[in-house]
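Rule-based calculations on the coordinates, nothing more; no lab input. The shown structure was predicted, so the numbers you read here are calculated from the model rather than taken from an experiment. Here Cβ is always computed from backbone atoms with ideal geometry, including for glycine, and neighbour counts include all displayed protein chains.
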Amino acid sequence: MTNSETYVIVGASLAGAKAAEELREQGFDGRVVLIGAEPERPYERPPLSKDYLRGESERAKAYVHDEGFYDDHDIELLADTNAIGLDARNRELTLSDARTQGFDKLLIATGAEPRRISVPGTDLDGIHYLRTLADCDALRERLDAGGRVAVVGAGWIGSEVAASARQRGLEVTLIDPLSLPNERIFGPEIGTFYRDAHASHGVELALGEGVEGFEGDGHVRGVRTSTGRVVECDFAVVGVGVVPRIALAQGAGLEIDNGIVVTERLETSAPGVFAAGDVANAWHPFFEQRIRVEHWANALNQGPAAARSMLGQGGAYDRIPYFFSDQYDVGMEYSGYATSWDEVVFRGDRDGGEFIAFWLKDSRVVAGMNVNVWDVNEHVQALIRSRREVDAAELAGSGTSLEELAAVASRGSQAT
Ligand SMILES: Cc1cc2nc3c(=O)[nH]c(=O)nc-3n(C[C@H](O)[C@H](O)[C@H](O)COP(=O)(O)OP(=O)(O)OC[C@H]3O[C@@H](n4cnc5c(N)ncnc54)[C@H](O)[C@@H]3O)c2cc1C
């Protein structure tokens with residue numbers, strides 16, 4: 001059946017590109033317009049703090065699709081184009097080149113941008129943020145020159161950049177006001193594990209030290225911390241989190257609360273306008289609350305889910321949040337959504353760095369993380385989804401396989 005409607009997607013990154021692909025996969029044969037502010041065709045960001053940053057992988061590997069994909073699928077990719085205004089009632093976007101673009105349905109996948117640090121000296125040269133390929137190319141060139149780098153923020157981006165810089169042989173100081181990397185997400189046990197991984201690879205740690213300012217003579221030469229000391233550096237990288245890009249939606253009067261508020265089918269407060277990826281704060285039926293997830297897998301899966309909702313197909317988006325990280329020789333996958341827990345149970349070789357950690361609340365698994373252990377993530381997710389009480393000793397021991405524990409828990413949850 002021929003469809004004369006126009007579906008527009010703003011944000012040509014992972015969520016937007018996968019949504020466009022899904023529209024065609026599902027047989028939509030109307031117009032698909034994919035609008036992106038960046039000059040590049042859609043690409044994935046994880047390599048930008050890992051292999052691509054270290055110069056170990058080709059640029060081409062980062063792209064979501066081959067160059068010919070968009071033409072081949074009759075997807076109109078408008079790169080280097082910003083959507084600067086949205087009239088949701090009259091279904092029209094204003095673009096940065098002053099053109100307008102009408103739509104029947106709209107997906108906003110404008111993602112997130114680095115949170116800026118607000119201390120004296122941020123106008124000095126040599127202070128890097130990392131979000132785009134262009135940011136990465138500039139940083140990669142800087143790594144090529146070697147020297148000393150101060151990394152501000154021991155969250156994901158900061159930790160991965162610190163690891164990559166160290167792997168490239170630079171002198172690295174990692175600075176964070178918390179006493180352990182990613183302490184808020186993981187708590188002390190796993191935070192300690194990552195702290196030790198950095199320390200054993202020769203990163204100088206300035207943990208428990210806030211940043212008071214950057215010092216230099218036009219170019220950054222040091223980072224002054226809350227202890228009064230100055231961490232000397234040739235350049236700095238700041239990774240202190242991201243903020244959702246809500247300007248377009250906010251200007252149109254859409255409901256905003258920590259991102260664009262969407263239903264479980266990813267529809268915003270304006271009918272026919274959807275949001276997905278880092279920018280969307282979506283009602284999650286499993287957790288019975290809104291969750292905004294800033295991770296690759298969410299963009300990968302939520303973009304297509306939003307596309308199906310635009311077509312009036314598909315149901316609620318209820319995937320368990322998942323992310324991965326690679327630092328040095330430590331690869332991990334984390335599933336779940338844990339804001340509080342009673343205990344962390346370890347299974348496997350914790351000292352040898354090959355283990356699974358489970359976060360338990362009221363004896364139920366609320367999150368799990370496999371470190372250098374693979375092909376277990378679906379079992380971890382099954383345990384979370386079952387909501388069944390587990391025996392911590394059984395979870396920690398090797399007597400029963402994880403597959404069996406997950407199967408028992410799933411059967412139990414189906415029976416109730
Ligand atoms: C360096 C780095 C490493 C990462 N590593 C990992 C990892 O190891 N594991 C993991 O799970 N996640 C990782 N992530 C997170 C992951 O990349 C993001 O969750 C994902 O990119 C989100 O995709 P998105 O499509 O929602 O938004 P984004 O990737 O932020 O893309 C949004 C796009 O919209 C465009 N845009 C915004 N506003 C407009 C507008 N008004 N008009 C037109 N275009 C607009 C932007 O320019 C951008 O291209 C990493 C992120 C970074 C930056």
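Could you line up Ile84, Ile9, Ile246 from fewest to most neighbouring Cβ atoms inside 10 Å?
Numbers: Ile84 15, Ile9 32, Ile246 20.
Listed from fewest to most nearby Cβ atoms, that is Ile84, Ile246, Ile9.
First check a/c for segment 283-416, with a ≥ b ≥ c the square roots of the eigenvalues of its C-alpha gyration tensor; if it is under 1.5, answer rounded, and if not, answer prolate when a/b is larger than b/c or oblate otherwise.
Working: a/c = 2.07, a/b = 1.39, b/c = 1.48.
Taking the square roots of the gyration eigenvalues as a ≥ b ≥ c, segment 283-416 is oblate.
Return the whole-Å distance between the Cα centroid of segment 105-151 and the Cα centroid of segment 203-256.
A separation of 10 Å, based on Cα centres.
Could you sort 247-253, 32-38, 395-401, 273-279 so that the peptide with the highest average Cβ count within 10 Å comes first and the rest follow in order?
Numbers: 247-253: 17.6, 32-38: 22.3, 395-401: 12.3, 273-279: 29.4.
Descending packing order for the listed peptides: 273-279, 32-38, 247-253, 395-401.
Per DSSP helix of 4 or more residues, -39500 (n - 2.57); summed, then divided by the residues of the chain. What does that give at 222 nm, rounded to the nearest 500?
On the way: 11 runs with 106 residues, N = 416.
After summing the helix terms and dividing by residue count, I get -7500 deg cm²/dmol.
In whole Hz, with x marking every Gly and Pro, tabulate ³J(HN,Hα) for segment 65-81 from phi via Karplus 6.51 cos²θ - 1.76 cosθ + 1.60, θ = phi - 60°.
9, 4, 4, x, 4, 5, 5, 4, 9, 6, 9, 7, 8, 9, 7, 6, 10
Give the relative contact order (percent, whole number) for the chain; include only Cα pairs under 8 Å separated by 6+ residues. Before the final figure, lay out each step's value.
On the way: 927 pairs, mean separation 57.8, N = 416.
Reported relative contact order: 14 percent.
With θ taken as phi - 60° and the coefficients 6.51, -1.76 and 1.60, list the Karplus ³J(HN,Hα) couplings across segment 93-108 in order, rounded to whole Hz; mark glycine and proline as x.
10, 9, 9, 5, 8, 6, 6, 10, 9, x, 8, 8, 9, 10, 10, 9
Counting other Cβ atoms within 10 Å, keep those with at most 12, restrict to DSSP loop, and tell me which trypsin sites (Lys or Arg not before Pro) in segment 55-121 are left. Please report the intermediate quantities before stating the final value.
On the way: sites: Arg59, Lys61, Arg89, Arg91, Arg99, Lys105, Arg115, Arg116; in loops: Arg89, Arg91, Arg99, Arg115, Arg116.
In loop regions of segment 55-121 (DSSP not H, G, I, E or B), the sparsely surrounded trypsin sites (Lys or Arg not before Pro) are Arg89, Arg99, Arg116.
Neighbour counts of other C-beta atoms within 10 Å: give me Met310, Met332 arranged from fewest to most. Before the final figure, lay out the partial values.
Values: Met310 27, Met332 21.
By the 10 Å Cβ count, ascending, the order reads Met332, Met310.
So what are the ³J(HN,Hα) numbers for segment 176-190, from phi and the Karplus equation (6.51, -1.76, 1.60; θ = phi - 60°), rounded to whole Hz, Gly and Pro as x?
My calculation for segment 176-190 gives 7, x, 7, 7, 9, x, 6, 4, 5, 7, 9, x, x, 5, 6 Hz in order.
Normalised by the residues of segment 367-407, what does the relative contact order come to in percent, with Cα pairs under 8 Å and at least six apart? Write down the numbers at each step before the final one.
Numbers: 22 pairs, mean separation 18.1, N = 41.
44 percent.
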